[in-house]
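Novice: Here it is, the structure in full.
The values are calculated or read from the model by the stated rules, or taken from the named source; none is laboratory data. Just so you know, these numbers come straight off a predicted model, no measurement behind them. Here the Cβ is made from the backbone with ideal geometry for all residues, glycine too, and neighbour counts use every protein chain on show.
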Amino acid sequence: MHLLDGKAGQQVTIGELVAGMGKRGHGFCLIVFGLLAAISPPGVGSVMGAPLILFAAQLAIGFRQPWMPNWLARRPFSADGAKRTIERGRKWLKKIEIFARPRASWLAGGLMEHLVGAVCVLLAAVILMPGPLTNNPPGIAITVLGFALAERDGILVLLGLVAAVVAFVIGLSAFIAVAIAIWAWAGGYF
């Protein structure tokens, strides 16, 4: 992550990073929070659903750049810690980076951006749900869609939408299975 180069031992804010991305800020937000949802342990990854809903909804509505409340934009964090977290997800990022490049950009802008935002809102809602497989598949799909938008890669947008459908089905099915199991278990006590 080039925005963190030269920041060793320093504190940076989320607002600085998003501002540094400019027009690619929506893609950046989806990449960062999607990756964190995908690689974080269960429970911790679910926390990423709220900021993902915030940024994805803005994309769906048509905001030109991501907006965040001041308390979130000014929130400092360690650049070193962020780099370590990104390194944990580096193998996934490298696989996507190798494939992502500007092509069929008409599929990565305009109305398609709104569609990607709406799909990411649904995936973020699944991330908020407790249960196994509710974080990883949706987080990976959101990360792919974030890369597609950041690189203006229409082909990757299409692949990301397919991944999003699969992730949504997996995540929602896992949540429903857990809910049924809890209901059956709790039914024995009543």
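Novice: Of all residues being closer than 23 Å to Arg90 by Cβ and not aliphatic (A, V, I, L, M) in the stretch 153-176, which is modelled with the lowest pLDDT? Just the residue, please.
Specialist: Per the criteria, the residue is Asp153.
Novice: Which residue out of Gly49, Gly27 is within 13 Å of Phe147 (Cα to Cα), modelled with pLDDT of 75 or more, surrounded by 12 or more Cβ atoms within 10 Å (Cβ to Cβ) and not aromatic (Phe, Trp, Tyr)?
Specialist: So the residue among Gly49, Gly27 that is within 13 Å of Phe147 (Cα to Cα), modelled with pLDDT of 75 or more, surrounded by 12 or more Cβ atoms within 10 Å (Cβ to Cβ) and not aromatic (Phe, Trp, Tyr) is Gly27.
Novice: List the helices (runs of 4 or more DSSP H) that sit entirely inside the stretch 65-109 and contain at least 2 residues that are at pLDDT 80 or above.
Specialist: 70-73
Novice: OK, next. Any residue in the stretch 123-150 that is in a helix (DSSP H, G or I) sitting within a Cβ distance under 9 Å of a residue that is of a type in the set (Asp, Glu)? List the pairs, counting only those 6 or more apart or interchain.
Specialist: Hits for this filter: Phe147/Glu97; Phe147/Asp153; Leu149/Glu113.
Novice: Still on this structure, please answer the following. For Ser78, state whether it is touching a strand residue (DSSP E or B) at 6+ places or on another chain (Cβ under 8 Å) and surrounded by 14 or more Cβ atoms within 10 Å (Cβ to Cβ).
Specialist: Criteria met by Ser78.
Novice: Shifting gears a bit: Looking at Ile176, Ile155, which one is out of contact with any helix residue (DSSP H, G or I) (no Cβ under 6 Å at 6 or more places or on another chain), assigned to a helix (DSSP H, G or I) and exposed (fewer than 13 other Cβ atoms within 10 Å of the Cβ)?
Specialist: When all the criteria are applied, what remains is Ile176.
Novice: Continuing with the same structure: Given the conditions (1) within 30 Å of Arg103 (Cβ to Cβ); (2) without any contact (Cβ under 8 Å) to a residue 60 or more places away in the chain, report the number of the one that Trp185 does not fulfil.
Specialist: (1)
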